[in-house]
Amino acid sequence: MIKAILIFNNHGKPRLSKFYEHYTEDTEQQIIRETFHLVSKRDENVCNFLEGGMLIGGSDYKLIYRHYATLYFVFCVDSSESELGILDLIQVFVETLDKCFENVCELDLIFHVDKVHNILAEMVMGGMVLETNMNEIIMQVDAQNKMEKSEAGIAGAPARAVSAVKNMNLPEMPRNINIGDISIKVPNLPSFK
Amino acid sequence: MSPSVALQEMIRAIRSARTQCEERGVIQRECAAIRAQFRQADNGGRSHNLAKLLYVHMLGYPAHFGQMECVRMIASPHYSEKRVGYLGAMMLLDEKQDASLLITNSIKNDLSHSNQYVQSLALCTLACMGSAEMCRDLAPEIDRLLRGTNSYIKKKAALCAVHIVRKVQDLGELFAPAARSLLSEKNHGVLYGAVVLITELCAWNPETLELFRKTVPDLVQIMKGLVISGYSPEHDVAGVSDPFLQVRILRLLRILGRNNEAASDAMNDLLAQVATNTDSTKTVGNAVLYETVLTVLDIKSESGLRILAVNILGRFLLNNDRNIRYIAMTCLQKIVGTDHNAVQRHRGTIVDCLKDQDASVKRRALELSLALVSASNIRSMMKELLLFLSSCPPDLRAEAGSGIFNAAERYAPSQRWHIDTILHVLTTAGGDMRDETVPNLIQLITNASELHCYTVHKLYRALLTDISQQPLVQVACWCIGEYGDLLLRGECQETEPVQVTEDDVLDALETVLQSHMSSPATRAFALTATMKLSTRITDNVDRIRSIVSIYGSCIDVELQQRAVEYNALFKKYDHMRAAVLERMPVIERNSPGHTNGVSVGEAVKEIQPAEVKQGLLQQNANQVCDLLDLLGGSEEPVQPSLAQSSTAPGMSVNTASTAGGDLLDLLGGLEPTPHAPAPTLTAYEKHGVTLTLSCEKQSDSGLTVTLTASNSTDSDISSFTLQAAVPKSVQLHMKAPSGDSLPARGTAKVTQMVVVNNPNKVKLKMRLRISYTRQGSAFQDTVQIDSFPEVSTAGH
């Protein structure tokens, strides 16, 4: 069973943290810090398996990690998972992110945390591996995103369009138009937020 | 609106904060805004508020106020809000929160939703944080979904079922039939989920295990399909067809085949096929091979297959990729107990791995090497292990050291080799060793009597070079103390003797005593050693005396006690010194347990000072008389027990003890008023308190004494108590007094009955202690009654 999935950068800032067992918030932060501490000390060409942390799971767990550019992807697993299998899973995860975000970089993960969570939810559920086929995962995630967009209405319009409308400087509308005998009351238009 | 826009603005704001304090400020402002917005009932932007909150939660700030919002959002009809709501539930809620119960109903409704993605959200959340009650409620729903037709939902339902079974084992029976039928699916995702579910069911319930053994042929069929079939683009990962599924099935086969001949037979062909066909150049291939090897070694496979498996592991060990080497060693560790010889063949490679730079690989290699040590290879292995010890990372030192000790103990070819090895370990890594090594080594040394000379020379040299390793210093001090004469004699067959004078030896010991690197225990060792040398050397006894007396005022209580005792040994018991400090006998090893060694060693050490203490205590005992003890027996010396002696306070002469004796004499002049045949006598009359007693003979040896007290002063007396003591062979039983207050001017009296039984018919004496309070101050007095009035028989 996978106990936790953590992504953090070279300075230890968490970019994604998903725990499949319950810990208090303080413990979670401590786990992140301790894991970073253990993983950052490792050389580049040593093996990707680590033992020896104290916090999660006691003695029956390992850290399996991979270092991509500025990010560490760490999976904390117990002995029921195959180590090499998890290593492959990390690879599949990163490739999926790459496909979804088009040349994914750390900024993508920072600004779209919720999307990353949704992708992860298609791969690992309840601490167990759900799906490992990249195309299947992407297909499902796309379908769900489409569903979300269809509900959104104008708010689902691309961000630039919305902000363009917002910044449009409409002249002040006169409340009452009095032309001779005709008096027209101008209705209040809904404002774009 | 997709939650991302407002979320991104907030993230940008947080990232632009330059200091931790600024960041906290930004986050607090955002949280306040979010809280305000939660309070508003209907809000278009609810989902992005929650998304913002989740981001803040990931950074580590408290976010519990979002829990109710999660519940509300899960119940909303919009998919986007549900999505964020469920994500929030997975991150913020857990079974201990009350809010988690509230979402049970929402999950139940969503599980029957028409949209499969809503269903999947509900399944995902249930699998992540479902509590036992939720699982019980929703299990039938999950079972229904397992039998449905939608493969996307089926695979999620399978994993959800795994979570349910983990939480509530009894529900396993509910899912067993559904799991069985899922094995015939084509969709790999569902198949994978089914295999995981079956694995979990078998883990909990042995009967289910029996049931699923029948599925072994099906599983074998599926595996064959995966391995033999050609290239299938949708399942291919780097040349291997769906390695994840293969690994899972292999694992399940392992569980099913364990301890079962029939199942193992059915798998043998398949395993051989997988082992030979899988391409091992990529990691995925290695993953499958590794799992195959684990399975082969775990089930009752035929010997050819086992050899094949161990050979694969051997190939792994030579692989350049450290990961592969690591897992190979993990696997070998598991089988070193059963297939010892097979693993021995790879000993060379494993020992080479000890020199690897990688800490994880080193750890594995160390464990495996220690397991591989045997009588035949002990010398070469030990050389390697000692080399490793000098360069290993600090967290492995203790493990390595204790492993070396165990190995040395079991397979040492000779005592000298054994001692050499332990000395080597102590010099390289002494500081990390466990405490029991010192007494063990001492015991070993005393047993090797012909090597005493050699040992003490080596230890002396080690002591001169380095006194920072505490266990080494302790052993060295002990040896120098014990065998100092051998050292000074300057001749030794085994090693180059060192020409040393008595002053040098004492210098060395004094350095240890004074060094700030020495722990208190080490100092104690050194002091005792110095003392022992006083009988073994001839010239510098005075120097020893002065050293010892200096420590008589040391702050450390243990050292002070020892120094004072040794001082006493010099002054008063010089005649006993040689006997006390002679060579220790060979220490017996009672059992392999270490604690025995410690206690024996400690007891042996303690007997020496205890014996000395006993002699001194005997003197004091005659003066220390507990008031309420012995009358005829005071001439016998009190024998303190051994245990008591070790905790007895320092032997400073107990001047206070004579006070007890004085008290005895205080009222000795009081003669009992001679009322010859009169049954009563005034036992005590002082400060206005009068105590009279009368006796009545009950039986041949029994006597009842009635004590009456009265108060003739002007002030009241309260808390009046009497205590009595009689000679040793007489038994005494005091009845309850009539009261404890004596009003002034003798208006009332207090009586107390005392029953005395005198079977040996010794001379009856009684000592009474009177205590009372008068005018706010306490008084205490004692009186001894040496002769009782002639007793009158009862009835007169």
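Sort out which residues of the range A:121-136 are assigned to a helix (DSSP H, G or I), within 10 Å of chain B (Cβ to nearest Cβ) and under 26 Å from B:Met129 (Cβ atoms), and write them in order of number. Within the range A:121-136, A:Ala121, A:Glu122, A:Glu136 meet the criteria. Which residue, of B:Met517, B:Met531, is part of a loop (DSSP other than H, G, I, E, B), assigned by the TED database to the domain that holds B:Pro471 and hydrophobic (A, V, I, L, M, F, W, C)? Residue meeting the stated conditions: B:Met517.
Each row is one residue, and each column tells you yes or no for (1) within 18 Å of B:Ala524 (Cβ to Cβ); (2) buried (at least 23 other Cβ atoms within 10 Å of the Cβ); (3) modelled with pLDDT of 80 or more; (4) touching a helix residue (DSSP H, G or I) at 6+ places or on another chain (Cβ under 8 Å).
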| residue | (1), (2), (3), (4) |
| --- | --- |
| B:Ile422 | no, yes, yes, yes |
| B:Asp432 | no, no, no, yes |
| B:Glu436 | yes, no, no, yes |
| B:Ala448 | no, no, no, yes |
| B:Val475 | yes, yes, yes, yes |
| B:Leu487 | no, yes, no, yes |
| B:Gly490 | no, no, no, no |
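I'd like to check something: does the range A:25-37 contain any residue that is acidic (Asp, Glu), under 30 Å from B:Gln97 (Cβ atoms), away from chain B (no Cβ under 11 Å) and in a helix (DSSP H, G or I)? Within the range A:25-37, one or more residues are acidic (Asp, Glu), under 30 Å from B:Gln97 (Cβ atoms), away from chain B (no Cβ under 11 Å) and in a helix (DSSP H, G or I). If you go through the range B:724-750 and pick out every residue that is surrounded by 14 or more Cβ atoms within 10 Å (Cβ to Cβ) and assigned to a strand (DSSP E or B), you end up with 6. Please find, among A:Val77, A:Val46, A:Val92, the residue that is aliphatic (A, V, I, L, M) and either more than 12 Å from chain B (Cβ to nearest Cβ) or buried (at least 20 other Cβ atoms within 10 Å of the Cβ) (or both). Going through A:Val77, A:Val46, A:Val92 in turn, the sole match is A:Val77.
Applying the set (1) within 14 Å of chain A (Cβ to nearest Cβ); (2) small (Gly, Ala, Ser); (3) out of contact with any Asp or Glu (no Cβ under 8 Å at 6 or more places or on another chain) to B:Ala287 leaves exactly one unmet item: (3). Kindly establish whether B:Val296 is away from chain A (no Cβ under 14 Å), surrounded by 18 or more Cβ atoms within 10 Å (Cβ to Cβ) and modelled with pLDDT of 85 or more. Criteria met by B:Val296. Taking the range B:545-566 only, how many residues are crowded, with 16+ Cβ neighbours inside 10 Å, within 41 Å of the chain's Cα centre (by Cα) and either farther than 22 Å from B:Ser519 by Cα or in contact (Cβ under 8 Å) with a residue 12 or more places away in the chain (or both)? Of the residues in that region, 11 qualify. For the range A:70-86, the set of residues classified as out of contact with any strand residue (DSSP E or B) (no Cβ under 6 Å at 6 or more places or on another chain) and part of a helix (DSSP H, G or I) consists of A:Leu84, A:Gly85, listed by residue number.
You will find that of B:Asn259, B:Asn277, B:Asn286, the residue that is polar (S, T, N, Q) and at positive phi is B:Asn259 and no other.
Just one residue in the set B:Ser374, B:Ser369 is within 30 Å of A:Ser40 (Cβ to Cβ) and in contact (Cβ under 8 Å) with a residue 12 or more places away in the chain; that residue is B:Ser369. How about the range B:705-715: which of its residues are touching a strand residue (DSSP E or B) at 6+ places or on another chain (Cβ under 7 Å) and surrounded by fewer than 18 Cβ atoms within 10 Å (Cβ to Cβ)? Once the filter is applied, which keeps residues that are touching a strand residue (DSSP E or B) at 6+ places or on another chain (Cβ under 7 Å) and surrounded by fewer than 18 Cβ atoms within 10 Å (Cβ to Cβ), the range B:705-715 yields B:Thr706, B:Thr708, B:Ser712, B:Ser715.
When you check B:Ala262 against the structure, is it modelled with pLDDT under 85 and either loosely packed, with under 15 Cβ neighbours inside 10 Å or farther than 25 Å from B:Asn187 by Cα (or both), yes or no? Yes; evaluated as a whole, the condition is true for this residue.
Among the conditions (1) more than 8 Å from chain B (Cβ to nearest Cβ); (2) in contact with a helix residue (DSSP H, G or I) (Cβ under 9 Å, 6 or more places away or on another chain); (3) among the polar types (S, T, N, Q), the only one that A:Asn103 does not satisfy is (2). Being within 19 Å of A:Thr132 (Cα to Cα), surrounded by fewer than 22 Cβ atoms within 10 Å (Cβ to Cβ) and either away from every other protein chain (no Cβ under 14 Å) or at pLDDT 85 or above (or both) is a condition met by at least one residue of the range B:166-184. Which residue is farthest from A:Lys41 (Cα to Cα), if the candidates are limited to the range B:405-441 and must be touching a residue at least 24 places away in the same chain (Cβ under 8 Å) and among the β-branched types (Val, Ile, Thr)? Among residues in the range B:405-441 that are touching a residue at least 24 places away in the same chain (Cβ under 8 Å) and among the β-branched types (Val, Ile, Thr), the one farthest from A:Lys41 (Cα to Cα) is B:Ile419.
Taking the options B:Glu30, B:Glu9, B:Glu22, name whichever one is more than 12 Å from chain A (Cβ to nearest Cβ), among the acidic types (Asp, Glu) and within 22 Å of B:Arg83 (Cβ to Cβ). Criteria check complete, one pass: B:Glu30.
Does B:Glu588 count as assigned by the TED database to the domain that holds B:Asp485 and touching a helix residue (DSSP H, G or I) at 6+ places or on another chain (Cβ under 9 Å)? So B:Glu588 does not fit the description; no.
Of all the residues in the range B:568-589, those that are in contact with a Gly (Cβ under 8 Å, 6 or more places away or on another chain) and surrounded by fewer than 17 Cβ atoms within 10 Å (Cβ to Cβ) number 3.
Conditions (1) more than 24 Å from B:Leu171 (Cα to Cα); (2) more than 14 Å from chain A (Cβ to nearest Cβ), marked per residue:
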site: B:His48; (1), (2): yes, no
site: B:Ser80; (1), (2): yes, no
site: B:Leu111; (1), (2): no, yes
site: B:Gly130; (1), (2): no, no
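Scanning the range A:78-110 for residues that are polar (S, T, N, Q) and free of Cβ contacts under 8 Å to residues at least 40 places away in the same chain yields a count of 4.
The set of residues in the range B:178-188 that are among the hydroxyl-bearing types (Ser, Thr, Tyr) and assigned to a helix (DSSP H, G or I) contains only B:Ser181. Pairs linking a residue in the range B:36-47 that is at pLDDT 80 or above to a residue that is in a helix (DSSP H, G or I) and of a type in the set (Phe, Trp, Tyr), with Cβ atoms under 9 Å and 6 or more positions apart or on different chains, are B:Phe38/B:Phe65. Summed over the range A:90-111, the residues that are farther than 17 Å from A:Val141 by Cα and at pLDDT 90 or above give a count of 2.
Picking from residues in the range B:185-214 that are within 30 Å of A:Asn135 (Cβ to Cβ) and among the acidic types (Asp, Glu), the one that is farthest from the chain's Cα centre (by Cα) is B:Glu185.
The values are calculated or read from the model by the stated rules, or taken from the named source; none is laboratory data. What you are looking at is a predicted structure, and each value in this text was computed from that prediction instead of being measured. Here Cβ is always computed from backbone atoms with ideal geometry, including for glycine, and neighbour counts include all displayed protein chains.
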